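Only the coordinates and a few stated rules stand behind these numbers; no lab work does. None of the values given here were measured: they were computed from a predicted structure. Cβ coordinates were reconstructed from backbone atoms using ideal geometry, including for glycine residues, and neighbour counts include every protein chain displayed.
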Amino acid sequence: MVPEYSEIKHTQNKNKYEDLLLQLDNRKISFNLEVEKQTIPLSNLDKKLWPEHHGGKFLTKRDFIKYLIKISAYLLPHLKDRPLSLSRYPNGIYGEHFFQKHYFPLPHFVETVSL
């Protein structure tokens, strides 16, 4: 039986992302995440971004990053070569928000283009 393409892709990415999830399992509030030979500083990982809802637990910045890692194999192909601006909610979904259009200084591995 030949596995589906999505199963092959999932298996190849599983090992790659398991390490990232293990790094995030530590209980430190701030640390450097090592991703493909790049260092990404993370802070305030226990900050509540989404409140409790219908008896469920609140979700933290750490939970959100874990979720993004788990879906990255499916999400990143759709984001490739597309412009990005962010609507940021630094104090959770009920706090003030702003649109982030610029980021300086850029990490050396981030590519930019003028539109």
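Restricting the calculation to Cα atoms, every distinct pair contributes to the Kirkwood radius of region 5-82, found to be 14.1 Å. Among the trypsin sites (Lys or Arg not before Pro) in region 42-86, those placed in a DSSP loop whose Cβ has at most 14 other Cβ atoms within 10 Å are Lys47, Lys57, Lys80.
Estimated at 0.36 nm per residue, the fully extended path between Lys80 and Tyr103 surpasses their Cα-Cα distance by 6.5 nm. For Lys47 and Thr112, the FRET efficiency from 1/(1 + (r/R0)^6), where r spans their Cβ atoms and R0 equals 25 Å, is about 0.35. The longest part of the chain holding none of the exposed loop GluC sites (Glu not before Pro), meaning those outside H, G, I, E and B in DSSP with at most 12 other Cβ atoms within 10 Å, is 53-95. Per-residue ellipticity at 222 nm computed for the chain from its helices equals -11500 deg cm²/dmol, with DSSP H segments shorter than 4 residues left out and the rest contributing -39,500 (n - 2.57). Label-to-label distance for Asn32 and Asn15 is 2.6 nm, based on points extended 7 Å past Cα in the beta-carbon direction. Residues of the chain were split at every exposed loop site, defined as chymotrypsin sites (Phe, Trp or Tyr not before Pro) in a DSSP loop with at most 15 other C-beta atoms within 10 angstrom, and the longest piece left, sites excluded, is 1-57.
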